[in-house]
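To start, the structure under review is shown below, and the notes come after it.
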Amino acid sequence: MSLYRIFRHLRRVGQVSIGTAHNRRGEIKYVAACAADDCGWSAEYDDPAPATIAAQGHRCPIR
C-alpha cells in the first residue's frame, strides 16, 4: 500500500504533521508525527483536537 493511502496530511504545527490514518481495525484515527529526522515521535488520537494539542506541546529533542 502506498504511503499516501496510509497517512493523509491535514495540517502542520511547527515540525509536527497532523493527519488521518487507518488503524489495524480500519477505524480512522488522527495522527500527530514529528517530521524531524531521527525523532520518531508520533501519537494517535480519536479526535483532531487532542492531536493538535499534542503537536503544540511536542518539544523535539533533535532540534
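Tallying residues that are assigned to a strand (DSSP E or B) and either among the small types (Gly, Ala, Ser) or surrounded by 18 or more Cβ atoms within 10 Å (Cβ to Cβ) (or both) within the stretch 27-56 yields 7. Restricting Arg59, Arg24 to those that are part of a loop (DSSP other than H, G, I, E, B), modelled with pLDDT of 90 or more and among the basic types (Lys, Arg) reduces the list to Arg59.
The values are calculated or read from the model by the stated rules, or taken from the named source; none is laboratory data. Since this is a predicted model, take the numbers as computed values, not measurements. Neighbour counts are summed over all protein chains in view; Cβ atoms, including those assigned to glycine, are modelled from backbone coordinates with ideal geometry.
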